[in-house]
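The values are calculated or read from the model by the stated rules, or taken from the named source; none is laboratory data. The structure displayed is predicted, hence computed values, not measured ones. FYI the Cβ positions are ideal-geometry reconstructions off the backbone, even for glycines, and counts take in every protein chain you see. When the accessible area is computed, the model is the full protein with side chains, heavy atoms only, and any ligands, DNA or RNA have been set aside. Shrake-Rupley method; radii C 1.70, N 1.55, O 1.52, S 1.80 Å.
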Amino acid sequence: MKLRYLSDLGKFVLWQKEVFRKPENWGMYYKELIRQMYDIGIGSLPIVLLIAVFLGAVTVVQFYYQMEGTLIPPYYIGYIVRDMMIIELAPMVTCLVLAGNVGSTMAAEIGGMRQKEHIDAMEIMGLNTSSYLIMPKLIAAAYVVPLLVCVAAIVGIIGGYLASVPADLFTQAEYVQGLRAFFIPFNVVMMLVKSVTFAIILVSVSCFQGYFVKGGSIELGAASTRAVVYSDILILLADYFIVVLLTQ
Amino acid sequence: MIRAEGIFKQFGDQEVLKGVDFTFESGKTNLIIGRSGAGKTVLLKILVGLFPPTQGRVWFNDIDYTNLDKKGILAIRKKVGMLFQGNALFDSMTIEENIRFPMDMFTPMTSLEKQMRVDEVLERVSLSGVNLKYPSEISGGMQKRVGIARAIVLKPKYLFCDEPNSGLDPKTSITIDELISDITNEEDITTIINTHDMNSVMEIGENIILLEAGRLAWKGNKEQVLGTVNKELDAFIFASPFLKKLVEAAKNNGKNSLENL
């Protein structure tokens, strides 16, 4: 079992050389890049918005419940929601959700192409399929996922507002005061570093699982599941290491 | 000309090909025949470079394909077209987009030139007017013809067909065979077909090799098939009880072989 993981790791590293080979036709790659940007960005937007709004809302209600009756000023809740969304919840939860949504779709799409001999057909034409099928997805995700994460952070903060101010937990002025308090611009940098890293992890792991799938539909389902599980584990690990590195 | 020298292929402990040698001549319809599991598809995939052989060499004219670098392999692949057993048509693209794909990727042709070439190959395979349909909207026989159209759109020198008749009724199979044979002659292509269909063998087999359990059991042409004394070929041809009965009927009528029917 351990040997299989090591062998897969070696295969993955060697495969990167093929993935980043010079494209045969820049125009076709660009077309594919735009399609992927649309699929990842617009395709995932509704679920990202839905999750973000509830993340913000739940965070506010949860912290209000814990701080009620303490001497901590209420505006702190706005400050906590902002920083939690920017530093942790928006990048991590968005990318965990994208691993389940986009990652499993990519693994299934590429695995299906492998099983239906589409990849073989492209290879016979003389196309570097590792590059054509993976590189546009990687670049698209590296551009689009940080944008989704930014949107998630903003919508999460709005969700916090909607759950608190209309419910009279505290005033709008207090919430806005909290949002403007103790702002550290570097936290946004940390959010962007996380989102680009997570995007690369979820795309490359998912595509690897799909590209090298063997067998039939059961194996394709298993590859799709592995894509999500491995992406999630690696995202959590990467999250920890990025935080340790950037907060030292 | 395509020449294979001592091709061995092993998957784990399983030896699929056990030293196969043959030569396929240029401009002819060459057939690889044999029962299911004989190693035909593996051999075909080795010839096109999708599998590396465990041992042995494949020559395209005087070029050793098995020892080429990436650039050399790509140069050979640009001369190859392939029809897959399951057609391998991209199901999210229309028929026209499927056929245009190799041109979009590899040629500097203008949009008008590409359109003209798409119409030309679709007309050649008698499928004019299906440009905007999706593969799922046409029949299996039509999908095969679209597969052929895509395979020949860049005017390849070599055409590989993996079980072109699988899943087709006998009449459609004959149409596909005739189409492949005609294209081979018209375009002076070297065609290699992997099949177990005896109709194909007898209709278009200009050069035939029989694989049996990973070994070359027989080679010849369609004229030599019925008069053969080769046991493996005989067993392959007369695997059908219907044909056996036909031969017995012929013998009862005083004719000593199927050839005399």
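Based on this model, can you work out whether B:LEU132 counts as hydrophobic (A, V, I, L, M, F, W, C), away from chain A (no Cβ under 14 Å), under 21 Å from B:THR41 (Cβ atoms) and outside any helix (DSSP H, G or I)?
Against the criterion (hydrophobic (A, V, I, L, M, F, W, C), away from chain A (no Cβ under 14 Å), under 21 Å from B:THR41 (Cβ atoms) and outside any helix (DSSP H, G or I)), B:LEU132 does not qualify.
Being in a helix (DSSP H, G or I), surrounded by 22 or more Cβ atoms within 10 Å (Cβ to Cβ) and of a type outside the set (Val, Ile, Thr), is that true of even one residue in the range A:174-181?
Yes, the conditions are met somewhere in the range A:174-181.
If I go through the range A:123-164 residue by residue, how many of them are more than 14 Å from chain B (Cβ to nearest Cβ) and more than 17 Å from A:LEU55 (Cβ to Cβ)?
Of the range A:123-164, the ones more than 14 Å from chain B (Cβ to nearest Cβ) are A:134-135, A:137-164.
Right, trim to more than 17 Å from A:LEU55 (Cβ to Cβ) and you get A:134-135, A:137-144, A:146-147.
Within the range A:123-164, residues that are more than 14 Å from chain B (Cβ to nearest Cβ) and more than 17 Å from A:LEU55 (Cβ to Cβ) number 12.
Give the range A:6-36 a look and list any residue that's open to solvent by 50 Å² or more (accessible area, probe 1.4 Å) and among the aliphatic types (A, V, I, L, M), or say none.
Selection gives A:LEU6, A:LEU9, A:VAL13, A:LEU14, A:ILE34.
Which of the residues belonging to the range A:98-112 are crowded, with 23+ Cβ neighbours inside 10 Å and of a type in the set (A, V, I, L, M)?
Passing the criteria: A:LEU98, A:ALA99, A:VAL102, A:MET106, A:ALA107, A:ILE110.
Regarding A:TYR65, is this residue of a type outside the set (A, V, I, L, M, F, W, C), away from every other protein chain (no Cβ under 13 Å) and in contact with a helix residue (DSSP H, G or I) (Cβ under 7 Å, 6 or more places away or on another chain)?
no
Please give the number of the condition B:THR94 fails out of (1) in contact (Cβ under 8 Å) with a residue 40 or more places away in the chain; (2) closer than 16 Å to B:ILE152 by Cα; (3) open to solvent by less than 60 Å² (accessible area, probe 1.4 Å).
Of (1) in contact (Cβ under 8 Å) with a residue 40 or more places away in the chain; (2) closer than 16 Å to B:ILE152 by Cα; (3) open to solvent by less than 60 Å² (accessible area, probe 1.4 Å), only one is false for B:THR94: (2).
Restricting attention to the range B:140-179, report how many residues are within 14 Å of chain A (Cβ to nearest Cβ) and either open to solvent by 30 Å² or more (accessible area, probe 1.4 Å) or aliphatic (A, V, I, L, M) (or both).
So the answer is 12.
Looking at the range B:188-201, can you tell me whether even one residue there is farther than 20 Å from B:GLY140 by Cβ, surrounded by fewer than 16 Cβ atoms within 10 Å (Cβ to Cβ) and not aliphatic (A, V, I, L, M)?
yes
I'd like to verify a number: residues in the range B:29-84 that are away from chain A (no Cβ under 11 Å), part of a loop (DSSP other than H, G, I, E, B), out of contact with any helix residue (DSSP H, G or I) (no Cβ under 9 Å at 6 or more places or on another chain) and open to solvent by 10 Å² or more (accessible area, probe 1.4 Å), how many?
Total meeting the criteria: 6.
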